[in-house]
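Some notes on the structure that comes next.
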Amino acid sequence: KVPHIAQAIGSDVNSDMKFLSQKQQFKVWMKNMDGIITNSFDLEKKIRHFYPSNIYIKTIYRGIHIDYQSSKHRFFDKNTCDFLYLGGLMNVKGGITLMNAWEKAERELANLNAFLYFGGPDSKSELFNRWKKKLQFPDMVKNLGKLQPEEVKKYLNKVDIVVIPSMEEGLPNLLLES
């Protein structure tokens, strides 16, 4: 028999664990699981709480390739300040929190020639588009959509500040990458 091992990573799984544990298809999936790999001890603890079986669970923090991630970007060589947010609009990612903060500080940010590059699956949503339309300076917010890994590297090297307003993620992937 080939072992069936799952990778459970990220705040999406972490925050939805209680909901997922009630789903019948998830229960069947877990019953047939031989092992789970997580990327945080908090997530491992939650899985053990909801599934206190004999499933082998191992936490492995993902490392990064420093040469791939290193930046040649220099903050003081330009007259703008570029911010990058990559994530969703759900509460755990903090997208809504960032949108509210940007809106409150919009005039000051425009005076600083600041731009917000907003990427992720929800950056094409109706909620995001309505928010952007009501801004005084909507051209200061750039909608990136969902990015491919090569594009993520490009934007990480372009921007001055990576914004991670997550309320639940202890070590988000974007933090490791930036």
Check your understanding: What FRET efficiency comes out for the pair F19/R48, r = Cβ-Cβ distance, R0 = 25 Å, nearest 0.05?
Key -> 0.90
Review point. Taking the simple approach of a point 7 Å from Cα along Cα-to-Cβ for both D160 and V28, what is their distance in nm?
Key: 5.4
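Could you give the length gained by full extension between E151 and L127, i.e. 0.36 nm per residue of separation minus their alpha carbon distance, to one decimal place? The partial results should precede the final answer.
Details: separation 24, 0.36 × 24 = 8.64 nm, distance 2.38 nm.
Full extension of this stretch gives 6.3 nm more.
Between A105 and K58, what length comes free when the chain is fully extended (0.36 nm per residue of separation minus the Cα-Cα distance, one decimal in nm)?
Length difference between fully extended and current span is 12.6 nm.
What does the charge add up to near K23, with Lys and Arg as +1, Asp and Glu as -1, over the other residues with Cβ less than 14 Å from its Cβ?
Working: positive: K18, K27, K31; negative: D16.
Net of charged neighbours comes to +2.
Values in this text are rule-based calculations from the coordinates and carry no lab data. Everything numeric in this text was worked out from a predicted model, so none of it was measured. Heads up, the Cβs are rebuilt from the backbone with ideal geometry, glycines too, and the neighbour counts pull from every protein chain shown.
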